[in-house]
1. Of the numbered conditions (1) among the β-branched types (Val, Ile, Thr); (2) within 30 Å of PHE198 (Cα to Cα); (3) at pLDDT below 85, VAL92 fails exactly one; give the number of that condition.
2. Looking at (1) more than 19 Å from the chain's Cα centre (by Cα); (2) assigned to a helix (DSSP H, G or I), can you tell me which one ALA178 breaks?
3. Among the residues of the range 122-167, write down those that are within 13 Å of VAL201 (Cα to Cα) and hydroxyl-bearing (Ser, Thr, Tyr).
4. Restricting to the range 126-151, give me the number of residues that are closer than 23 Å to LYS174 by Cα, of a type in the set (Gly, Ala, Ser) and surrounded by fewer than 18 Cβ atoms within 10 Å (Cβ to Cβ).
5. Given SER157, SER189, SER170, SER207, which one is closer than 22 Å to ALA112 by Cα and either small (Gly, Ala, Ser) or at pLDDT 90 or above (or both)?
6. Give the residues of the range 94-116 that are crowded, with 21+ Cβ neighbours inside 10 Å, of a type in the set (A, V, I, L, M) and over 20 Å from GLY147 (Cβ atoms), sorted by residue number.
Amino acid sequence: MIKHDLLLRAVIPAPVLAAGAFAGGFSLLAWATGVVYGLALVLLTEWGLRRSGRAAFGPADWITFARAVLVGCAAALIAEGGFSLGWLVGLVGVALLLDGLDGQVARRTGTASEFGARFDMEVDAFLILLLCIQVSRTLGLWVLAIGLMRYVFVAASWTMPWLTAPLYPSMARKTVAAVQGVVLVVAVSGLLPVSLTFAAVALALASLTWSFGRDVGWLARHRVAPARIITLTSLRRPLGYGHNQAA
């Protein structure tokens, strides 16, 4: 069963990522992006499973894996640059529609896990970064701040472990996270005039900055020792929206 699971994870991405490279124009860059992404996806999921003490994917993890493969196709398209926006918007739209389904399946099947939550979060974060890269080509490099903010937060937590403590539940945090994806997809689609797109993305960045700032401030006021953080994290699933916590 374990070997079968690994084989599926190794084989499934290949034809889908190849389709993404084909849509990207058969360019060397599109193919290279698909190959590197596919290998990284298989290796990192295997490492994550082993680190969490699990042997195979659960039903919800396969949904997240499917989303991750779609994100890989989007990466191949964005790496190439010369593609139909319809392809990208379609791929990203399906990936976003599936977001949340994996969590529901995990809860209903009793298979929720720290690995699944982290996997889902990383797929979301990378998708947002990819969209930011695409939007930055028309609006400027400042858009990358949206996609990089979570990674900066994680890097900061390496020297300030109290940033990894579980956060309090917040509907505002979830709303801000959802807004980022919607606004960036609209920006990629080119449906709105550039001025309105600029304003929408700027507002999305402002709301994300506020949300991160609020949470960092709360964590700073309620600093927890590293040993205590491990205990708290093991007692409950982290509640966050896209930095070091799972949505």
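The values are calculated or read from the model by the stated rules, or taken from the named source; none is laboratory data. Predicted, not measured: the structure shown is a model, and the values here were computed from it. We place every Cβ from the backbone using ideal geometry, glycine too, and count neighbours over all the protein chains shown.
1. So the condition that VAL92 fails would be (3).
2. If we test ALA178 against (1) more than 19 Å from the chain's Cα centre (by Cα); (2) assigned to a helix (DSSP H, G or I), just (1) comes out false.
3. SER136, THR138
4. Of the residues in that region, 1 qualify.
5. Every option except SER170 fails the conditions.
6. ALA106 - this is the single residue of the range 94-116 that is crowded, with 21+ Cβ neighbours inside 10 Å, of a type in the set (A, V, I, L, M) and over 20 Å from GLY147 (Cβ atoms).
Okay, residues lined up against (1) touching a Leu at 6+ places or on another chain (Cβ under 7 Å); (2) not aromatic (Phe, Trp, Tyr):
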position: SER136; (1), (2): yes, yes
position: LEU141; (1), (2): no, yes
position: ILE146; (1), (2): yes, yes
position: VAL152; (1), (2): no, yes
position: TRP158; (1), (2): no, no
position: TRP162; (1), (2): yes, no
position: PRO169; (1), (2): yes, yes
position: THR175; (1), (2): no, yes
position: VAL179; (1), (2): no, yes
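Listed here are the residues, each with its yes/no results for (1) closer than 15 Å to PHE119 by Cα; (2) touching a residue at least 12 places away in the same chain (Cβ under 8 Å); (3) of a type outside the set (A, V, I, L, M).
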position	(1), (2), (3)
SER27	no, yes, yes
TRP31	no, yes, yes
ASP61	yes, yes, yes
ALA75	no, yes, no
